[in-house]
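Heads up: the structure comes next, in structure tokens.
Rule-based calculations on the coordinates, nothing more; no lab input. Bear in mind the structure is a predicted one, so any value in this text is a computation, not a measurement. Because the Cβ atoms are built from the backbone with ideal geometry, glycine has one as well, and the counts that use them run over all protein chains shown.
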Amino acid sequence: SRYRYVILSIGVLCLTAICCNYSIINFTFICMTQDVDDVIDAGNGTTRQRYAYTPTEKSAILWAVAAGTIVGTFPINWAYVRWGARYPFFISGLLSAVATAVSPWAAHAHLYVFIVVRFLQGVAYAADFAAIGIIVVRWAPLAQMAIFISFLTCFSPIAQIITNPLAGAFCTSSLGWRWAFYFHAIVTLVFFIIWVVIYSDDPQYHRSVSAKELGVIQEGKAKEHIVRDSFVPYWEICKNKTILVVWFNALTELIGYIIMLSYAPTYINKVLGYSIKETALLATIGSAIHFPLKVFCGVLSDKITIISERKKMWIFNTISVGIAGILCGLIGVAPSPLLSVVCLTASTSIMGVNAGAFYKCGSLHSRQYGHFVLAMIQFSKCVALVIGPLMVAALAKSDEDADGWTVIFIVNAVLMLIANFAFYFTATDQPAEFTKITRSSRETEKSSSQEMSKVA
């Protein structure tokens, strides 16, 4: 009677594996530049270290993932709607594993080859949020929506908890930074083989799901929510005010989180002056707190009954977007390196409260179409993956430009505060009108219109 938690667990592992694969580079950037024996001809009879990327080249390497994710989001979401999550997610996992395994070779071959491989990494990463949506819609009881969301969306902090120390360990070992990529590729392959063996999109037909557990999963759900269909009223969802504000909150928070996630090692090392070993630890603390806090608040959001769902979402969103935004703005103006690290750590940590905030609002409001709403949050992440590096490239003249970093943090703080304010006016736990639109109702509507046209 607990098989849904097995699905939840393997889902988290697979999501984390893909995220680890694309984010390894954030730490290995530091290690790669210390590979002093690998040099290339820089012209005029001089040489340079092969991996001494300029800020623009680093941004291009990060943008490649964003571009791949943008390109992959809609086709992969269509594949999920058409065939479910089992095989599309499995294929994406294989692509991520292969791209990760060949990354050291690609980086050695040429910058452009590496960028192409990073693009493929982004295509695979596009599968993450749509997979979350499918698992939540198909396997999460309404009473455990925030719990499922909190676990499934914690893959980014888990990835940082795992990847930064592992990458640091490989970098300082005799194996070298390349084995950080090889190891992650092997683990990814193992997880996704388990996924394709045990997962199904239809709990009612799964041999490991008891009648009792099926009743728990389907309790309170309308027939339209239970029956799997490829129909989605895209336009009605995209013009819904509540959903638009949910996406805006996701975008602003993700921009801040990605900047802090991707550039925390660089900022802590280059601007604040900490050593590589200290950086490996300090860049991981926020993610280490983010993970248990996200899970705790997901459970808390579902268990608290003394206040309404709407007020709970207000509180959690204020913490995860509003207060996190204020702390983000303080990173660059803190009077000491230690306080800067504290603000950065606190901001990334409390963003984990979002499972009971805009994530829950979007899922409850969209019900059976939650997979599309969460997939579009993935698209927001794609946009954030472009905007984040673009802001850094435009506003920070170099990795050591403290003033440029301060402007970056303040701009993002303002955007997060605006998004949080808008959420107060649109948040709701009630199903949207578009949840009543199904393939059958749309066909009936068309038939009625045709009949009226004939009569006229």
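Scalar couplings 3J(HN,Hα) for region 374-381, obtained by applying the Karplus form with A = 6.51, B = -1.76, C = 1.60 to θ = phi - 60°, are 6, 5, 6, 5, 4, 5, 4, 5 Hz; x denotes Gly and Pro.
3J(HN,Hα) couplings calculated from phi for region 74-84 with the Karplus curve 6.51 cos²θ - 1.76 cosθ + 1.60 (θ = phi - 60°) are, in sequence order, 6, x, 5, 4, 4, 5, 5, 5, 6, 10, x Hz; Gly and Pro show x. Would you work out if region 327-368 is rounded, prolate or oblate? Take a ≥ b ≥ c from the square roots of the eigenvalues of the alpha-carbon gyration tensor; rounded if a/c is under 1.5, else prolate when a/b is larger than b/c, oblate otherwise. Cα axes put region 327-368 in the prolate bin.
For log10 I(q)/I(0) by the Debye sum over Cα atoms at q = 0.07, 0.10, 0.11, 0.12 Å⁻¹, the candidate list reads (1) -0.35, -0.70, -0.84, -0.99; (2) -0.63, -0.90, -0.99, -1.08; (3) -0.51, -0.94, -1.10, -1.25; the entry that matches the value derived from this model is (1). For region 149-289, the square roots a ≥ b ≥ c of the C-alpha gyration tensor eigenvalues yield an a/c of 1.5 or more together with a/b not exceeding b/c, which makes the shape oblate. So which trypsin sites (Lys or Arg not before Pro) in region 336-422 are both in a DSSP loop and have at most 13 other Cβ atoms within 10 Å of their Cβ? Sparse-neighbourhood loop trypsin sites (Lys or Arg not before Pro): Lys397.
Listing Glu253, Glu309, Glu236 from fewest to most neighbouring C-beta atoms within 10 Å gives Glu236, Glu309, Glu253.
No disulfide-compatible partner, judged by a Cβ distance under 4.7 Å, exists for the following cysteines of the chain: Cys14, Cys19, Cys20, Cys154, Cys238, Cys297, Cys328, Cys343, Cys361, Cys382.
Over the residues of the chain, the helix contribution to mean residue ellipticity at 222 nm works out to -24500 deg cm²/dmol, using -39500 (n - 2.57) for each DSSP H run of at least 4.
What does the charge count near Ile132 come to, summing +1 for each Lys or Arg and -1 for each Asp or Glu among other residues with Cβ under 14 Å from its Cβ? Here the count lands on +2. For region 417-428, the Karplus equation 6.51 cos²θ - 1.76 cosθ + 1.60, evaluated at θ = phi - 60°, returns couplings of 5, 5, 4, 5, 4, 5, 5, 4, 8, 10, 4, 7 Hz by residue, with Gly and Pro reported as x. Region 330-351 and region 370-428 have their alpha-carbon centroids 17 Å apart.
In a simple Cβ point-charge model (Lys, Arg +1; Asp, Glu -1; nothing else charged), the chain has a dipole of about 1100 debye relative to its Cα centre. Database remark: amide H of Ala140 closer than 5 angstrom to no amide H (H placed geometrically; neighbours at sequence offset of 5 or more, or on other chains; Pro and chain starts carry no H). Region 143-204 and region 260-319 have Cα centres lying 18 Å from one another. The residues neighbouring Lys360, those whose beta-carbon lies less than 15 Å from its own, together hold a net charge of +2 under the Lys/Arg +1, Asp/Glu -1 convention.
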